[in-house]
Amino acid sequence: MYKKDGRALPFDFDPKVVAAIDARLEEVERMHGARILLAIESGSRAWGFPSPDSDYDCRFIYVRHKNRYLSPWQPRDVIETPLDALLDVNGWDLGKALKLLLKGNAVIAEWLASPATYRTDTRFRAEMNEFADRFSDRTGIALHYLHLGERQYRTHFDNEKAVPLKRLFYVLRPAIALRWMRLHAAASRPPMHFPTLMAECAPPANLVGLVDKLLAAKAITKELGSGPLPPLIRDFVAAEFEAARTIFISAPRQLSPVAREAAETLFRRWADKLLSSA
């Protein structure tokens, strides 16, 4: 892992690709009058199960110059850059990120926990993580993983047809995250990194052995072959999804005045920072 000046990237990240991502982030700031406060890797490379041909999924949180928010023509709260075979770079406005975090959006919770960082304001990240730990909707995050996992299962594995086995990680990771949350009842959100999730939730030893073999194979080959979901993984996933349906029950949730005020204070502080530095 290379760490310096707000950057923390695995050594196997292609330096040319990282430079291209840096260039896109600089262009975003220049073209959109924005300041990027956090830019991370969010895909399989950050989850801990990349393939040799995995693309790079850079996500970022930004704040615009305060005057942009004072216009009657509000800009979009998403900035997207051109998608190509190797790069997927886009981001959310800080206001959007805060509102989604309060609703239990697991995506923004994962961005804050990503082990791969292209750039960050360390104080901002610390404040966001503190905010997430205090105010994020734990049940909403769990239900996000449950719905994600069930959707992946229905789409790819709800029969005995052969499908690319690399997709099994996209149903297994939500199940492991749900198990982690079930066993860590005091925590608001699980780690993003899949091997960390596995290590901290003590799945059955035979499952660990199978997953370790699949991870090792996925790291060196573009394909794991095709087949139905292995019974060991199928049974584990089904059990975790069933447990989650019992434990994490959806219910209307009123946004507390304290959480709203904290979100507004955090947002205004970072918008003011950009205005005063302009």
Query raised in the report: Do the conditions hold for His144, that is, is it open to solvent by 20 Å² or more (accessible area, probe 1.4 Å) and either touching a helix residue (DSSP H, G or I) at 6+ places or on another chain (Cβ under 6 Å) or of a type in the set (Gly, Ala, Ser) (or both)?
Result: yes
Requested in this report: Tell me, yes or no, whether segment 40-58 has at least one residue that is touching a residue at least 60 places away in the same chain (Cβ under 8 Å), within 30 Å of Ala216 (Cα to Cα), β-branched (Val, Ile, Thr) and open to solvent by less than 60 Å² (accessible area, probe 1.4 Å).
Outcome: yes
Report task. Could you list, in sequence order, all residues of segment 127-141 that are under 16 Å from the mean Cα position of the chain (by Cα) and crowded, with 19+ Cβ neighbours inside 10 Å? Result -> Met128, Ala132, Ser136, Asp137, Gly140, Ile141
Query raised in the report: What's the number of the condition Asp121 fails, among (1) in contact (Cβ under 8 Å) with a residue 60 or more places away in the chain; (2) acidic (Asp, Glu); (3) crowded, with 21+ Cβ neighbours inside 10 Å?
Result: (3)
Requested in this report: With the checklist (1) open to solvent by less than 60 Å² (accessible area, probe 1.4 Å); (2) of a type in the set (Gly, Ala, Ser); (3) under 23 Å from Arg45 (Cα atoms); (4) modelled with pLDDT under 95 in hand, flag the one item Ala85 doesn't pass.
Outcome: (1)
Query raised in the report: So Lys66 fits all but one of (1) surrounded by fewer than 20 Cβ atoms within 10 Å (Cβ to Cβ); (2) over 30 Å from Leu255 (Cα atoms); (3) in contact (Cβ under 8 Å) with a residue 60 or more places away in the chain; what number is the exception?
Result: (2)
Query - Some residue of segment 156-163 being of a type outside the set (Gly, Ala, Ser), closer than 22 Å to Pro115 by Cα and free of Cβ contacts under 8 Å to residues at least 60 places away in the same chain - result: no
Requested in this report: Look through Gly6, Gly33 and report the one residue that is small (Gly, Ala, Ser), open to solvent by less than 50 Å² (accessible area, probe 1.4 Å) and within 28 Å of Pro190 (Cα to Cα).
Outcome: Gly6
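The values are calculated or read from the model by the stated rules, or taken from the named source; none is laboratory data. Everything numeric here is computed off the predicted structure, so don't read it as measured data. Every residue, glycine among them, receives a Cβ derived from its backbone with ideal geometry; neighbour counts consider all protein chains shown. Heads up: the accessible areas ignore ligands, DNA and RNA and are worked out on the full protein's heavy atoms, side chains in. Shrake-Rupley method; radii C 1.70, N 1.55, O 1.52, S 1.80 Å.
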